Amino acid sequence: MAKNKSKAQKHKDVFKVANSKNLKVKNKPKAVTTSLKKLNIVNKEKVCKVNKAFAEVQEEIHNLSKDTATSSKKPVQVPRPPPAEPLNMDATAQLFSQL
């Protein structure tokens, strides 16, 4: 008997609004769409292009430095013009004495 008695004595909730399930359904959260992955891919491609360009420039500089190094090892001879007249010491001494 006690079991049936507890079922019959249910109290109605005081806060009906708080417990009601007929509330408006809120908007579901939407997934955030970002283009971060796209940006990362684009940035990686740009970095690869720039790295290749700099590697080519570095190779060119290395090749140029090799070429200049091989040419600089050979001594450069500057041609001297032959003296127009042989030196005459007697004439030079005579002109010096006139001073």
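Just to be sure I understand the model, the point goes 7 Å from the Cα along the line to the Cβ. What's the resulting PHE96 to VAL57 distance in nm?
Between PHE96 and VAL57, the simple spin-label model gives 6.1 nm.
Could you tally the net charge around LEU39, taking each other residue with its Cβ under 14 Å from the Cβ of LEU39, Lys/Arg +1 and Asp/Glu -1? Each step should come with its number before you reach the end.
Details: positive: LYS37, LYS38, LYS44, LYS46; negative: GLU45.
That sum, taken over residues with Cβ under 14 Å, equals +3.
Here, each number is a calculation from the coordinates, and none is a lab measurement. Keep in mind that this is a model prediction, so the values were computed, not measured. For neighbour counting, all protein chains shown are included, and Cβ atoms are generated from backbone atoms with ideal geometry for every residue, glycine included.
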